[in-house]
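Please read the structure below before turning to the comments.
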Amino acid sequence: MLNWADQFNIFCFLDSCGYSSATAWDWVLAAGVRKSIELKDHDAFRDLDSFCQDKGWKFGHFSYDLKNQVEELDSSFTDETGFGIGFLFSPQILLQYNNGSLVIRSATKKPDVIFREINNVEITTSNPVFFSETLTTIPEKNRYLETIAHLQQHIQAGDCYEINYCRMHITKASIHPISIYLDLIEKSPAPFAALYKKEINYCISASPERYIKKEGNKIISQPIKGTAKRFPNDSIADENSRISLLNSEKERSENVMIVDLVRNDLGRVCLAGSVKVTELFGTYSFPQVHQLISTIEGELKPGTTLSDILKASFPMGSMTGAPKKKVMELINQYEPFNRGLFSGTIGYITPEGDVDFNVVIRSIFYNKSLKELHFFAGGAITINSDAAAEWEECNVKTSAIRNVLGLD
């Protein structure tokens, strides 16, 4: 099916990877464009509101730089991931699979014709990766460690409490995005995985994190903050790692700061008194890491639009820090690159106006024309952070990506 979808300039595949209780379907594929909108650096929310008047299905993304439309901010570097600040499309063809049942919707072809096309397509399953350059890490390790010391000075001075600081990896390579995606989710299945193609650019994502989900007037956000390494070959060490994460004062403080930030964000669009933390410090295990995930829910005010929700809560607190505007200024000052779609979100809008969007982390960004490949990792820096440990945590977060690319 994914090899069939690759004939289209645009497609979006959202995959629960077996964590089906977290999402509405096992997976969904939107392919081809019936109608679309490319958000620009001005009037982004006005254009979004106009496009959302169409009650059909919509899929797409919002990149990290949408922050510049939320707050009076700017960006010092060009987006190298190539996706632009935001894009939504109404698909020509929609496939939804859940609990053994496949539904195909199309205004242009009969479902049985599409089904036959998919079954007859040539399958590419090989996963060759050919590098034409060595991998570059920005910033390099010494600069990264020095920057964390500077960020902790800002924390000490009271400028912020917590800041998400990231690093970028870049190289030139030739890959087959679909094979890489299938390999990645085999090694690192995640409930909010995505394979997203926009013209020559691919996002190959094994994201475990939800940004927002809206059903009717109910909204949910599930920030991840708190990470510990898995030990798959040592059950005792693995359980000790999970328990240490749950009991870590540093990790819990990181999590609760972001929970408070999300409560405040949602409080701007929810009815007074309706915002509740329904799960605090939930411990969830994925193939490479244990994570602390909390759940915040609220009841939206009548008439709240997607633009209202984005203006109140974007970018997500788990990828910024607190207070949000100040740390975004510091991120722009200290990160020597543009995050692009990393720290952004991919998801969908239903005909009823419900939405579900992930957090774009644990992802590979690939430009098929330039044969340029990026991936990123970051973590929350607090006054108690150990810089060398933060560097290693980033290595753990990118371990599955490095494995599928042959960079171990």
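The values are calculated or read from the model by the stated rules, or taken from the named source; none is laboratory data. Given the structure is predicted, the values throughout are model-derived calculations rather than measurements. A quick note on method: Cβ atoms are made from the backbone with ideal geometry, for glycine too, and the neighbour counts reach across all protein chains shown. We work out accessible area using only protein heavy atoms, side chains counted, and drop any ligands, DNA or RNA first. Shrake-Rupley method; radii C 1.70, N 1.55, O 1.52, S 1.80 Å.
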Once neighbouring chains are kept in place and the probe is 1.4 Å, which whole percent of the accessible area of region 1-54 is contributed by carbon and sulfur? 44
Exposed GluC sites (Glu not before Pro) absent: longest stretch of the chain, with sites in DSSP loops and at most 12 other Cβ within 10 Å deemed exposed: 141-351
For the chain, what does -39500 (n - 2.57) per DSSP helix run (n ≥ 4), summed and divided by total residues, give at 222 nm, in deg cm²/dmol to the nearest 500? -8500 deg cm²/dmol
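Computed over the Cα atoms, what is the radius of gyration of region 247-389 divided by 2.2 N^0.38 Å, N being its residue count?
So the Cα radius of gyration is 1.16 times the expected 2.2 N^0.38 Å.
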In region 226-367, carbon and sulfur make up what percent of the accessible area (probe 1.4 Å)? 50
For residue 286, enumerate residues with amide H under 5 Å from its amide H, sequence gap 5+ or separate chain, H modeled in the peptide plane. 291
How about region 149-202: which chymotrypsin sites (Phe, Trp or Tyr not before Pro) there are in a DSSP loop, with at most 15 other Cβ atoms within 10 Å of their Cβ? none
Work out the count of Lys pairs in region 43-164 where the Cα-Cα distance is under 25 Å, with the pair 8 or more places apart or on different chains. 5
If R0 = 22 Å, then residue 115 and residue 186, at their Cβ-Cβ distance, give a FRET efficiency to the nearest 0.05 of 0.35
18 Å tail of the calculated P(r), region 307-380, as % of Cα pairs: 50
Cα-derived Rg over Rh, computed across the chain with Rh taken as Kirkwood radius: 0.94
So what is the accessible area of the chain per residue, in Å², with the probe set to 1.4 Å? 41
Relative contact order for the chain, counting Cα pairs under 8 Å that sit 6 or more residues apart, in percent: 24
Using +1 on the beta carbon of Lys and Arg, -1 on that of Asp and Glu, and nothing else charged, what's the dipole of the chain about the Cα centre, debye to 20? 700
With every protein chain in place, region 81-203: carbon and sulfur % of accessible area (1.4 Å): 51
If you plug each phi of region 169-183 into the Karplus form 6.51 cos²θ - 1.76 cosθ + 1.60 with θ = phi - 60°, what whole-Hz ³J(HN,Hα) values come out, in order, with x for Gly and Pro? 10, 9, 7, 9, 7, 10, 9, 9, x, 5, 5, 5, 4, 4, 5
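Please state the equivalent ellipsoid semi-axes for region 284-344: what are the square roots of 5 times the Cα gyration tensor eigenvalues, largest first, in whole Å? Write down the numbers at each step before the final one.
Details: eigenvalues 112, 87, 25 Å².
So the equivalent ellipsoid measures 24, 21, 11 Å along its semi-axes.
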Fluctuation leader among 103, 327, 129 - the chain, Gaussian network, Cα springs under 10 angstrom: 103
Looking at 18, 232, 37, which one has the Cα that reaches farthest to the positive end of the dipole of the chain (charges on Cβ: Lys, Arg +1; Asp, Glu -1)? 37
